[in-house]
């Protein structure tokens, strides 16, 4: 009989931190990473030697990037592993840290994501393909955009409103790569990338870092951490793609399967969610995912969007950080940055981005493969 | 037809696709014997199956920007549900026109810059 995270001892997020996401620069990744970790330690009000294990999420830095970074915090000898899981690398590292604390193998664990924008290298499987080299990620999502618009009779302008909302949120986030409000005209302007997709509807992959420290109740007491600032990890679920009926979008179906398990584990319904941070690398994804998470029936997402139900202060604030479109998507950090945003929101400490009364948040990532990770966080 | 095919392991000079079929019934493209994505059978349980090259368009998009400068833009990518079951995504013959979902599609071989023939999809000619 397997058990869920919630069946094990409780795990709490006690500290979060970032190096702001930004356009590619000369800043060494070590600077990015230690900045985020030191901010998370300060947020938890604990010292580095209290951290008993570390999971370093990175997809683009090559082999063994962690130790040359972590040694500058003091080489305590803590166990260290690297996690690569495409866009979900950070979410995966966070899950591993939670599992380690929940199991009792550690009292305090760190998940840190750090990346620079380096070329992606994927080994050939040995199978040839018709023209996969011509299908970039934005082309994959442009195909899905056209399918969505056709199937549900939705205009490209309405799909682009996702970006207007997320740029508006990102403009209020000091850690966001894009911090400028955009009108619908601006979002629709600029040269087309593929189909109706414009650059402001696509994530700007850049660089940055995010860190989250998780701890047990024992550690919270022993280290004198303020329990009112500790956010419970109420569910953690991971799945990978199966074979779906022809024509179904695998990212959307996989999201539905994974979220259903996570909501059941946390014993809540989609309607209970106050905050969702999800993988909006491209505008149409946000509609797919809110529908498959269960906020509304398929094809109805645009109505929620236009009614303001997904705004900060609406029914459920979706991507209050700005999401991947505005906050950015430096790959390794992204899933951990979502946990950080939800933690701030559930503490009531998100400043001008605060969604009033937020109690429950959900973090969602998909990664090439495809894999899907969902975490549910609740305030005490 | 004497011209050389660009990817002869994937299609024939008549525009058929070289797929496979598992003993469990799952039809896939391209042919491989690593293992079946549905049931995990492998090796001789996976046998070659020639797919007809006909299908229905699910979606298409005109690509205006592409990182590989060797691939001239615009070009159009289509997602086609083959009559035999698998979904394939590849180039359409017409480089700058989206086609309505639901359109019947058929493979066509077109000349590439290096003189080989490569497979594309185009709307099936009206009878």
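List of remarks:
- For A:120-133, mean number of other protein chain Cβ atoms within 10 Å: 4
- GNM on chain A, alpha-carbon springs under 10 angstrom: the most fluctuating residue among A:329, A:129, A:279 is A:129.
- Working ranking of peptides A:74-82, A:149-157, B:28-36 by packing, defined as the average number of other Cβ atoms within 10 Å per residue, highest first, is B:28-36, A:149-157, A:74-82.
- Take every Cα pair under 8 Å whose residues are at least 6 apart in sequence, average their separation, divide by the length of segment A:264-363, and the relative contact order is 36 percent.
- The ranking of B:49, B:105 by Cβ neighbour count inside 10 Å, starting from the fewest, reads B:49, B:105.
- Over the protein assembly as shown, DSSP H runs of length four or greater, each weighted -39,500 (n - 2.57), average out per residue to a 222 nm ellipticity of -7500 deg cm²/dmol.
- Structure remark: mean-square fluctuation, Gaussian network model of chain A, C-alpha springs under 10 Å; the largest value among A:118, A:173, A:85 belongs to A:118.
- Nearest-0.05 FRET efficiency for residue A:121 and residue B:83, computed from C-beta distance (R0 41 Å): 0.65
- Euclidean distance between Cα centres, segment B:25-89 to segment A:286-354, Å: 34
- Taken along the Cα-to-beta-carbon direction at a fixed 7 Å, the label points for residue B:3 and residue A:30 span 5.6 nm.
- Candidates A:289, A:55, A:244, ranked by Gaussian network fluctuation over chain A, Cα under 10 Å, top entry: A:244
- Label-point separation in nm, residue B:126 to residue A:9, each point 7 Å along Cα→Cβ: 7.4
- Contact order for segment A:46-180, expressed relative to its length and based on alpha carbon pairs under 8 Å spaced 6+ residues apart, stands at 23 percent.
- Using the Cβ-Cβ distance between residue A:359 and residue A:133 with R0 set to 41 Å, the FRET efficiency works out to roughly 0.30.
- Take every Cα pair under 8 Å whose residues are at least 6 apart in sequence, average their separation, divide by the length of chain A, and the relative contact order is 26 percent.
- The packing ranking, built from the mean of other Cβ atoms within 10 Å per residue, places the peptides A:6-12, A:208-214 in the order A:208-214, A:6-12, highest first.
- Exposure proxy ranking, count of Cβ atoms within 10 Å, fewest first, for B:107, A:58, B:56, B:112: B:112, B:56, B:107, A:58
- Likely footprinting exposure, A:202, B:39, fewest C-beta neighbours within 10 Å first: B:39, A:202
Each reported figure results from applying straightforward, stated rules to the coordinates on display, with no laboratory input. Computed from a predicted model, the values in this text were never measured in an experiment. Cβ: placed from backbone, ideal geometry, glycine included. Neighbour counts: every protein chain shown.
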